[in-house]
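What follows is a short report on a single structure.
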Amino acid sequence: MEETAKKDDSINPILKAGEEKDIGNDGLKKKLVKEGEGWETPENGDEVEVHYTGVLIDGTKFDSSLDRGTPFKFKLGLGQVIKGWDEGIKTMKKGENATFTTPPELAYGESRSPPTIPPNATLQFDVELISWTSAKDICQDGGVFKKILVEGEKRQNPKDLDEVFVCLEDGTLVSKSHGVEFTVGDGYFCPAFAEAVKTMKKGEQVLLTVKPQYAFGEDGRSAVDSEGAVPPNATLHIALELVSWKSVAHITKDKKILKKILKEGEGYLRPYNGTMVQVKLIGKLEDGMIFVKKGHDEGSFEFKVDEGQVIDGLEKTVKTMKKGEHALITIQPEYAFVKNVQCNLTPITWTFMILSLISGCNSLITICQTGEKESWEMNAPEKIEASGKKKEEGNVLFRAGNIERASKRYEKAVRYIEHDYSFNHEEQQQSKLLRVTCNLNNAACQLKLKDYRQAEELCTKVLELENRNVKALYRRAQAYIQLVDLDLAEAVIKKALEIDPGNREFKMGYRVLKEKMREYNKKDAQFYGNIFAKMNFQQANEAKQEQRTPMIIDSKA
């Protein structure tokens, strides 16, 4: 910490008026004449405005902005002035006055600046920092500096997938546009654009200073149509305005659903499972052919989220949207059709707009649209009937390969009947059978979805109702095997075989378990064998070392 403090102090020393200290390790000295305001100092890329007078060591004046009556402006840290100025002025505060004694290495060196500056001259500059305009080094390597001319709106910045709409103009009129749209990650005109727009806000206007490595490099660029040529190793100055942008994002981790927001929605609420939504939508193939259109001529189209009334892609996307939002969605076949059905079709592009959201708790809308009541509105027979329907829906989805949605149907079937104490004896028996069946089927879903802990918990619920249910025991054992709780798996399978000793599936499972146990025991034996072998080897080496080392006896003992 002390070394860091010393290093920082040498770069930007704390001075009182009249004091002089070294800046850095190259011989530059700074003497404070008048203290400045505040604590901020300019950074590389900032445009600074100074008054100065330069003299030789013998006092001969060779240049002064005061004599011309006009302050001098330049961009700090870009090599537009001698190194001593780039290093010294970034230690100054607004309004500060200081004298810099600058060695030849940080001034003009062996070359002279005729007619007044001889070779290898040490120079003194009396400098007053009038003001500066901040410019951000957005790539942190001096390649692109951004000077904000007009502040933008809000806090958000575009991301790589977003599509931005910009206006640009180059100072030498290399290129000019009153509006162009491009994807941020793909860039436009030169590499600096992709870096710059990610730091901008809507409505922001900036001036970019772009070094060759972020422009057109050593090769430059030939004239293109109405756009001028860019010479090799050219630094560009570009006026840029971020007019607007459309947010683009992947809805799923596998990047099979892409959503581009065309119009922002209202508020912050989004639909959740069970919410009724009203939408307008148009479905198109990649070639532009419309294959579905709903909610336009016949009135809005309604569906209940997570009830399987529309394709998976729309289900997942609508839960990310707000009321009034208008979006363009590209859905891959995996989320457009049931697995193994029509999976060779091209991606589908949907134009999709939410007109309004209706709460899933609104019973009138729910009854009108789906024919279902909410659980709290039902009597006992209605709950049992609704639970049975959800179970059958789950079975259909399971057979079709839609395991995740099947699991949700089984969960909902159980919720209808899980906590109701008004059932008579017959209704309690029906409820028990439904809970056993649905939890058992859901356990099979969780095994396929590789959520083995959830599968084990569902089997436990079944066994609390029927402690000799062999399917629950077997699926619980499968979960334990995957969780590598092999002793528990063995105990469960043994219990299942006691109940049904002739079951071939259980016997096969027991053989698989034994093989797993042998594999793990073999790995453990090899692991510990290697450890003991290393220990024995080390002990043998230590013993040999002791034999070679003579015993030293303390004569004072």
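Which condition number in (1) exposed (fewer than 15 other Cβ atoms within 10 Å of the Cβ); (2) at pLDDT below 90 is the one that T460 fails? So the condition that T460 fails would be (2). Does T91 satisfy being surrounded by 17 or more Cβ atoms within 10 Å (Cβ to Cβ) and assigned by the TED database to the domain that holds V33? Criteria met by T91. Filtering the stretch 463-483 to residues that are farther than 15 Å from V512 by Cβ, of a type outside the set (D, E, K, R) and open to solvent by 80 Å² or more (accessible area, probe 1.4 Å) leaves only N467. Here K284 passes the criteria (1) of a type outside the set (A, V, I, L, M); (2) outside the structural domain of K323 (by the TED database); (3) farther than 26 Å from L149 by Cβ; (4) outside any loop (DSSP other than H, G, I, E, B) except the one numbered (2). From the list G274, G295, the one residue that fits, being open to solvent by less than 60 Å² (accessible area, probe 1.4 Å), over 16 Å from Y335 (Cβ atoms) and in contact with a Leu (Cβ under 8 Å, 6 or more places away or on another chain), is G295. Inspect all residues belonging to the stretch 38-49 and state whether any of them is charged (D, E, K, R) and without any contact (Cβ under 8 Å) to a residue 60 or more places away in the chain. Among the residues of the stretch 38-49, at least one is charged (D, E, K, R) and without any contact (Cβ under 8 Å) to a residue 60 or more places away in the chain, which makes the answer yes. The set of residues from the stretch 100-120 being touching a residue at least 24 places away in the same chain (Cβ under 8 Å) and either part of a helix (DSSP H, G or I) or in contact with a Phe, Trp or Tyr (Cβ under 7 Å, 6 or more places away or on another chain) (or both) comprises F100, T102, E105, L106, T116, I117. Looking at the stretch 167-180, is at least one residue among the hydrophobic types (A, V, I, L, M, F, W, C), open to solvent by 80 Å² or more (accessible area, probe 1.4 Å), modelled with pLDDT of 75 or more and not assigned by the TED database to the domain that holds E37? For the stretch 167-180, residues among the hydrophobic types (A, V, I, L, M, F, W, C), open to solvent by 80 Å² or more (accessible area, probe 1.4 Å), modelled with pLDDT of 75 or more and not assigned by the TED database to the domain that holds E37: absent. The set of residues in the stretch 13-36 that are closer than 18 Å to L76 by Cβ and among the acidic types (D, E) contains only D26. Going through (1) of a type in the set (D, E); (2) under 29 Å from V484 (Cα atoms); (3) open to solvent by less than 40 Å² (accessible area, probe 1.4 Å) one by one, E427 falls short only on (2). One residue alone among I261, I238, I251, I257 is closer than 30 Å to S134 by Cα, touching a residue at least 40 places away in the same chain (Cβ under 8 Å) and buried (at least 18 other Cβ atoms within 10 Å of the Cβ), and that residue is I238. What do you reckon, is E393 under 18 Å from A443 (Cβ atoms) and either in contact (Cβ under 8 Å) with a residue 60 or more places away in the chain or open to solvent by 40 Å² or more (accessible area, probe 1.4 Å) (or both)? For E393, the condition - under 18 Å from A443 (Cβ atoms) and either in contact (Cβ under 8 Å) with a residue 60 or more places away in the chain or open to solvent by 40 Å² or more (accessible area, probe 1.4 Å) (or both) - is met.
The values are calculated or read from the model by the stated rules, or taken from the named source; none is laboratory data. This one's a predicted model, so the numbers in the text were calculated from it and none came from an experiment. Neighbour counts are summed over all protein chains in view; Cβ atoms, including those assigned to glycine, are modelled from backbone coordinates with ideal geometry. Quick note on the areas: whole protein, heavy atoms, side chains included, nothing else; ligands and nucleic acids left out. Shrake-Rupley method; radii C 1.70, N 1.55, O 1.52, S 1.80 Å.
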